[in-house]
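Asker: First, the structure itself, so that you have it in front of you.
The values are calculated or read from the model by the stated rules, or taken from the named source; none is laboratory data. Computed from a predicted structure; not experimentally measured. Neighbour counts are summed over all protein chains in view; Cβ atoms, including those assigned to glycine, are modelled from backbone coordinates with ideal geometry. For the accessible areas, the whole protein counts, side chains as well, though only heavy atoms, and no ligand, DNA or RNA atoms are used. Shrake-Rupley method; radii C 1.70, N 1.55, O 1.52, S 1.80 Å.
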Amino acid sequence: MTSQTIPVEPFDLVVFGATGDLAERKLLPALYQRQLAGQYSEPTRMIGCSRSELTDDQYRAFAREAIEHHVAKAEIDEDELSRFLARIFYVPADARSGKGLEQLGQVLGESHAVRAFYLAVAPALFGDIVHRINEHGLVMPTSRVIVEKPIGHSLETAQQVNDAIGEVFDEARIFRIDHYLGKETVQNLMALRFGNALYEPLWNSAHVDHVQITVAESVGLESRAGYYDKAGALRDMVQNHILQLLCLVAMEAPASLDADAMRDEKLKVLRALKPIGPQNTERVTVRGQYRAGASNGGAVKGYLDELDDGASNTETFVALKAEIGNWRWAGVPFYLRTGKRLAARASEIVIQFKPIPHSIFGDAAGPVFANQLVIRLQPDEGVKQWIMIKDPGPGGMRLRHVPLDMTFAESFKVRNPDAYERLIMDVIRGNQTLFMRRDEVEAAWRWIDPIVAAWEERSQAVQGYTAGTWGPSASIALIERDGRTWHESV
Ligand code: BG6
């Protein structure tokens, strides 16, 4: 079976920050893949903008290199690549001052194609850019804008960013990307929960013991010290990606996949998160910072050695015990953890069901483990339902804990698309289901801000952990205090 591709309307995608990291690593490869899939209608264009003085051809050369570097060799089709490059144009522009926007207007012309502006630039520039493109008459009634995190640094700054964008674009035309929502397995979580009658009756505090969400990375700072040292793991990963995953696990069934139906339900979860503040931060949060160690097969520096001034109390790891104060989840802890320079790149959601109430099997049968649903985001995306079965064969009754593997990419013979492929096409379709609404972003900050404030107030220091491990031992203690243990992620 192959996947079906439904072409989208013709569009002009204007990318500000076209020579930046996001465009190079994610946007250009994703746009090329959609060319390969045959998703474009004519005339569709991508117009790169940045301050570098490049010609169309020079930018096409940049795009070719990006694609050749970030797309698997087997997926490079020279004819399709040439067709894709022919869609690309470039306009040198400084959107802050407005320089170059007149020329951009000429390139865009009177086209009736869907027009989307991707702001792949620092959030400090969002406000200026939307105002400048508006002043130059480039924003049509159906134009949309795409922005990425970090949307603010706190509730207050997020409101400022949202206000600035909102002065030009109404909410229905603002697409706030959280690329975790576009990941294939995250989509599968929705299918699993709401496309089956099996799980939903068990999806509550009567049957679920606890939930774990781990987003572990093996990479370190990756030359992002300027941003990361001011953000830290809580703001960089928890405020957005991890809370979004938590929402998808915990939300009530929306009436439909309609964008607002989904986002209303996610918002309710965010609002039901029990506050963490000075009263409990030391008990339910752990902050870590990596020290020198070994990662990806080689020796690596510690976090402080990667900084210019060698001093920082920024966390590169955080573990939290979150609770949702509603009927469905009362008393069910959600253990969240994320960090850089951990033992492996491994992200997963684990739904740990309660143990059976009574075992009819004797000791000889071996232990009876509680069921577990493991949704693996990366690498090796997949879903496994762990169950107990009888050890096959003659002899006495012995039990085995085995995974029912629900990973279907292999059997369906499809490539797992990158999140950006799905998300950019959704922008063109005008479908906001997988994008964050303003109130969601702000509700997430409302929960995060008091944690940051409590850390400051209580001077909660970071605890060192050796690069290449699973974080500080306090993170293990956090969950083991409750008689539970982190799922072995590799
Ligand atoms: C980004 C964070 O949002 O997500 C990065 O800013 C992080 O620090 C990245 O490395 C992780 O994304 P992925 O898709 O590689 O898990």
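Asker: Kindly indicate whether residue 334 is in contact with a Gly (Cβ under 8 Å, 6 or more places away or on another chain) and aromatic (Phe, Trp, Tyr).
Answerer: For residue 334, the condition - in contact with a Gly (Cβ under 8 Å, 6 or more places away or on another chain) and aromatic (Phe, Trp, Tyr) - is not met.
Asker: Report whether or not residue 226 is within 16 Å of the ligand (Cβ to nearest atom) and over 20 Å from the mean Cα position of the chain (by Cα).
Answerer: Here the answer is yes, as residue 226 does meet what is asked.
Asker: Could you list all residues from the range 234-250 that are open to solvent by 10 Å² or more (accessible area, probe 1.4 Å) and within 9 Å of the ligand (Cβ to nearest atom)?
Answerer: Of everything in the range 234-250, just one residue is open to solvent by 10 Å² or more (accessible area, probe 1.4 Å) and within 9 Å of the ligand (Cβ to nearest atom), namely 237.
Asker: Kindly indicate which of 185, 214 is open to solvent by less than 10 Å² (accessible area, probe 1.4 Å), within 16 Å of the ligand (Cβ to nearest atom), of a type in the set (S, T, N, Q) and at pLDDT below 95.
Answerer: From the options 185, 214, the qualifying one is 185.
Asker: Residues 76, 67: which one is surrounded by 14 or more Cβ atoms within 10 Å (Cβ to Cβ), over 19 Å from residue 17 (Cα atoms) and among the β-branched types (Val, Ile, Thr)?
Answerer: 76
Asker: Another one. Pairs under 6 Å by beta carbon, first residue over 23 Å from residue 477 (Cβ atoms) in the range 262-285, partner open to solvent by 30 Å² or more (accessible area, probe 1.4 Å), six or more apart or different chains?
Answerer: 265/252; 267/439; 272/325; 272/326
Asker: How about the range 136-153: which of its residues are open to solvent by less than 30 Å² (accessible area, probe 1.4 Å), modelled with pLDDT of 95 or more and not hydrophobic (A, V, I, L, M, F, W, C)?
Answerer: 143
Asker: Out of the residues in the range 459-490 that are open to solvent by 20 Å² or more (accessible area, probe 1.4 Å) and of a type in the set (A, V, I, L, M), state the one that is farthest from residue 272 (Cα to Cα).
Answerer: 490
Asker: Picking from 127, 109, which residue would you name as being over 30 Å from the mean Cα position of the chain (by Cα) and either farther than 11 Å from residue 16 by Cα or open to solvent by less than 40 Å² (accessible area, probe 1.4 Å) (or both)?
Answerer: 109
Asker: While we're on this one: For the range 169-182, enumerate the residues that are open to solvent by 20 Å² or more (accessible area, probe 1.4 Å) and closer than 14 Å to residue 119 by Cα.
Answerer: 173
Asker: While we're on this one: If you scan the range 313-327, which residues turn out to be away from the ligand (no atom under 16 Å from the Cβ) and either open to solvent by less than 40 Å² (accessible area, probe 1.4 Å) or under 24 Å from the mean Cα position of the chain (by Cα) (or both)?
Answerer: 319, 320, 321, 322, 323, 324, listed by residue number.
Asker: Do you know which of the residues in the range 148-182 that are under 16 Å from residue 235 (Cβ atoms) and β-branched (Val, Ile, Thr) is nearest to the ligand (Cβ to nearest atom)?
Answerer: Only one residue tops the list, namely 151.
Asker: While we're on this one: Could you name every one of the strands (runs of 3 or more DSSP E) located completely within the range 58-148 that has at least 2 residues being among the charged types (D, E, K, R) and in contact (Cβ under 8 Å) with a residue 24 or more places away in the chain?
Answerer: 144-148
Asker: Kindly provide the set of residues from the range 255-265 that are within 23 Å of residue 348 (Cα to Cα) and open to solvent by 10 Å² or more (accessible area, probe 1.4 Å), ordered by number.
Answerer: Selection gives 265 alone.
Asker: Hey, another quick one. So residue 193 clears everything in (1) more than 16 Å from the ligand (Cβ to nearest atom); (2) not in a helix (DSSP H, G or I) except one condition, right? Which one?
Answerer: (2)
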